[in-house]
Amino acid sequence: MTEPTRVLAVLGRGVVPADTPFVRGDDLGIVRGDGIFETLHVRDGRPWLLEEHLNRLAESAARLDLAVPPRTALVELVEQAVAAWPAHVEGALRLVCTRGPEAGGDPTVFANVFPIAPDAVRARRDGLHVLTATLGVPARLRPDTPWLLGGAKTLSYATNMASLRWAKANGADDVLWVSSDGYALEAPTSSLVWRRGSTLYTVPAKDTGILAGTTASYLLAHAGEIGFTADEALVTPAELQTADGAWFTSSVRGPAPIRTLDGTPLAYDPEVTARVRALLGFPLPPDPVG
Ligand code: PLP
């Protein structure tokens with residue numbers, strides 16, 4: 001099968017060839033990272049949890065005081081992009097809104113659909129080796145420091161990407177950011193979920209300024225369907241060592257079990273992970289071995 005190609009849809013223009021140049025060199029999204037985005041899972045030819053992602057985009061826009069187009073225009077843009085993607089292929093859709101050109105003018109708004117990295121799909125089955133790394137701020141600081149943009153999904157992801165490179169350079173797959181007062185917060189591109197007995201937990205976004213994960217929220221809201229209750233709590237890495245399992249959850253990778261934290265194996269129950277994955281509707285990689 002040939003690799004699916006990338007799709008590009010630009011607000012006001014619709015789907016254009018994916019290599020079309022369309023962003024100005026003075027766009028504040030490029031020169032300042034001043035803009036917001038959402039990444040969605042595309043399954044069976046549909047964007048998953050579109051409403052939830054558009055709600056979070058609106059929340060990010062408010063935190064950045066950024067004007068974004070009306071929701072109907074964003075939905076139409078997403079629909080155009082997804083319609084150009086082969087329905088039988090799992091994909092990722094990134095919806096981007098920047099503040100637009102420095103000289104003034106409309107925000108730059110576009111959507112890309114692209115294939116999911118094989119590593120991300122494999123992590124659903126094989127799990128992740130994770131290192132803790134400090135984020136350098138106390139857990140409860142960001143709700144009171146709005147300029148730090150806690151809770152907003154901004155285009156300024158260079159620190160997030162640097163964290164992942166640091167993990168890889170140190171032989172791991174991912175990072176668990178920890179507050180300066182010792183609490184586990186989130187990963188650079190995913191939320192932390194853990195299990196203790198029959199309860200699934202995640203970190204409270206409102207109190208900590210982490211990003212409110214749409215996948216973790218869906219999982220906890222539907223936990224009853226797979227026999228669990230749900231709650232929010234602050235947790236330390238040491239406490240995770242005694243939990244009954246932990247995952248990083250995100251829109252495209254889905255739920256990936258954390259197999260080791262700082263080199264120590266965490267509890268791992270493949271049956272529970274399978275239940276979580278089925279509830280969230282993410283397929284496993286096609287090759288069961290290797
Ligand atoms: N936290 C951060 C910093 C993220 O970038 C992401 C991914 O977008 C998440 C959490 C998980 O959010 P979601 O489940 O909505 O993809």
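The values are calculated or read from the model by the stated rules, or taken from the named source; none is laboratory data. Note that the structure is a prediction, hence the values are computed from the model and not measured. A quick note on method: Cβ atoms are made from the backbone with ideal geometry, for glycine too, and the neighbour counts reach across all protein chains shown. These accessible areas exclude ligands, DNA and RNA; they are computed on the full protein's heavy atoms, side chains included. Shrake-Rupley method; radii C 1.70, N 1.55, O 1.52, S 1.80 Å.
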TODO: Would you rank K153, K168, K206 by solvent-accessible area, highest first, keeping every protein chain in place and using a 1.4 Å probe?
DONE: K206, K168, K153
Task: Computed magnitude of the charge dipole of the chain (debye, nearest 20; Cβ of K, R +1, Cβ of D, E -1) - done: 180 debye
Open item on the list: Could you work out the pair-distance distribution P(r) of the range 179-290 from its alpha-carbon pairs, with 10 angstrom bin width and percents rounded to whole numbers?
Closed with: 14, 50, 31, 5, 0
- [ ] Report the relative contact order of the chain, percent, no decimals, based on alpha-carbon pairs under 8 angstrom and at least 6 residues apart.
- [x] 18 percent
TODO: Please give the helix 71-83 orientation as an angle from the longest Cα principal axis of the chain, in degrees from 0 to 90, rounded to the nearest 10.
DONE: 80 degrees
Open item on the list: On C-alpha positions alone, give me the angle between the axis of helix 270-280 and the longest principal axis of the chain, in degrees, nearest 10.
Closed with: 30 degrees
- [ ] Run the numbers on the range 1-157 and let me know its relative contact order in percent, using alpha-carbon pairs under 8 Å that are six or more apart.
- [x] 34 percent
Open item on the list: Over the range 3-85, what is the relative contact order in percent, taking alpha-carbon pairs closer than 8 angstrom and at least six residues apart?
Closed with: 38 percent
Open item on the list: I need the P(r) histogram for the chain: all alpha carbon pairs, bin width 5 Å from 0 out to the longest distance, whole percents.
Closed with: 1, 5, 12, 16, 18, 17, 14, 10, 5, 2, 0, 0
Open item on the list: Please list, short to long, the whole-number percent of alpha-carbon pairs of the range 35-153 in consecutive 10 angstrom bins beginning at zero.
Closed with: 12, 33, 32, 21, 2
TODO: Considering only protein heavy atoms, with the full assembly of protein chains and a 1.4 angstrom probe, order H53, H88 by accessible area, largest first.
DONE: H88, H53
Task: Dipole of the chain, positive end: most advanced residue of A221, V23, A243 [Cβ charges, Cα centre] - done: V23
